[in-house]
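Peer 1: If you scroll down you'll find the structure; I have some questions about it.
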Amino acid sequence: MTVKVAVLASGRGSNFKALIDAVESGNCDARILVLITNNPDAPAITVAKQAGIPVEIVQRMDFPDRGAMDDRIKALLDKHGVELVVLAGYMLLIKGKNLLGVYRNRIINIHPALLPSFPGVDAQKQAFDYGAKISGLTIHFVDENLDAGPIIYQEAVDISGCKSAGDVSKKILDREHAAYPKIIESFSKGHYAVEGRRARFVSNSKR
Ligand code: GRF
């Protein structure tokens with residue numbers, strides 16, 4: 001069944017664009033209901049407008065604390081009837097207990113490294129500076145900790161030939177654009193049962 005998605009992004013929005021393209025070309029059975037951003041200057045807003053996707057701007061400075069900010073995001077998700085929250089370059093941790101509670105195991109993030117290696121910002125530079133030969137990408141559920149929720153999917157990327165952190169970013173980003181829509185598509189065919197740290201796909205057809 002078509003999965004109803006909200007995208008949260010703070011910046012460029014290339015993963016958001018890749019998802020839009022996959023939906024439009026029939027490769028991902030999802031409906032993107034809304035883009036929510038904390039950054040009124042995010043290029044992702046232009047991406048949304050070009051695709052006719054509504055944009056909601058939720059800025060930190062308009063709220064007394066992060067909990068209140070996330071309550072507003074939760075209200076928007078409820079209003080739009082969102083089933084799956086897709087973080088795509090969203091630069092804030094989710095702190096709201098209501099948001100994390102009600103949408104537990106329905107908020108996913110993509111991280112440009114093989115977690116638990118190289119969490120946080122500049123993961124590609126961290127991997128390059130470390131001299132890693134293999135890095136990759138991780139798609140995981142979001143919990144209260146940084147880049148730490150149960151892992152849904154990982155893909156290794158050979159970065160041994162990369163000459164700069166920028167090369168690493170490019171190589172991994174290419175794989176991100178292919179992988180994220182595929183995983184989002186999987187939510188239209190089932191769900192992920194989470195037991196402890198483990199997320200296991202359960203197909204609707206096996207019910
Ligand atoms: C991606 O590398 C993603 O893995 C990370 O932030 C970056 C977002 O890029 N979480 P974009 O905004 O999708 O182009």
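The values are calculated or read from the model by the stated rules, or taken from the named source; none is laboratory data. The model shown is predicted, which means the values in this text are computed figures rather than measured ones. Counting neighbours? That spans all protein chains shown, and the Cβs are built from the backbone with ideal geometry, glycine included. Please note that ligands, DNA and RNA were not included when accessible areas were found on the heavy atoms of the full protein model with its side chains. Shrake-Rupley method; radii C 1.70, N 1.55, O 1.52, S 1.80 Å.
Peer 1: State the number of residues belonging to the stretch 15-43 that are of a type in the set (Gly, Ala, Ser) and open to solvent by less than 30 Å² (accessible area, probe 1.4 Å).
Peer 2: 4
Peer 1: Being under 16 Å from the mean Cα position of the chain (by Cα), assigned to a loop (DSSP other than H, G, I, E, B), away from the ligand (no atom under 14 Å from the Cβ) and surrounded by 14 or more Cβ atoms within 10 Å (Cβ to Cβ) is true for just one of Asp147, Asp143. Which residue is that?
Peer 2: Only one candidate qualifies: Asp143.
Peer 1: Continuing with this model, one more query. Look at the stretch 26-39 and say how many of its residues are outside any loop (DSSP other than H, G, I, E, B) and among the polar types (S, T, N, Q).
Peer 2: The number of residues fulfilling the criteria is 1.
Peer 1: Okay, next question. Suppose we keep only residues that are small (Gly, Ala, Ser), touching a residue at least 24 places away in the same chain (Cβ under 8 Å) and not in a helix (DSSP H, G or I) within the stretch 6-25. Which one would you say is farthest from the ligand (Cβ to nearest atom)?
Peer 2: Within the stretch 6-25, the match that is farthest from the ligand (Cβ to nearest atom) is Ala6.
Peer 1: Same structure, new question: Out of Glu176, Glu155, report the one residue that is part of a strand (DSSP E or B), more than 17 Å from Arg106 (Cβ to Cβ) and either more than 16 Å from the ligand (Cβ to nearest atom) or not polar (S, T, N, Q) (or both).
Peer 2: The match here is Glu155.
Peer 1: So which residues in the stretch 67-103 are basic (Lys, Arg), modelled with pLDDT of 95 or more and surrounded by fewer than 16 Cβ atoms within 10 Å (Cβ to Cβ)?
Peer 2: Once the filter is applied, which keeps residues that are basic (Lys, Arg), modelled with pLDDT of 95 or more and surrounded by fewer than 16 Cβ atoms within 10 Å (Cβ to Cβ), the stretch 67-103 yields Lys79, Lys97.
Peer 1: What are the residues in the stretch 171-204 that are over 13 Å from Leu19 (Cα atoms), among the small types (Gly, Ala, Ser) and open to solvent by 30 Å² or more (accessible area, probe 1.4 Å), if any?
Peer 2: The answer is Gly196, and nothing else.
Peer 1: Restricting attention to the stretch 151-167, does a residue exist that is crowded, with 21+ Cβ neighbours inside 10 Å and at positive phi?
Peer 2: No, the stretch 151-167 contains no residue that is crowded, with 21+ Cβ neighbours inside 10 Å and at positive phi.
Peer 1: Sticking with this structure for a sec: Give the residues of the stretch 117-131 that are among the aliphatic types (A, V, I, L, M) and farther than 14 Å from Ile159 by Cα, sorted by residue number.
Peer 2: Selection gives Val121 alone.
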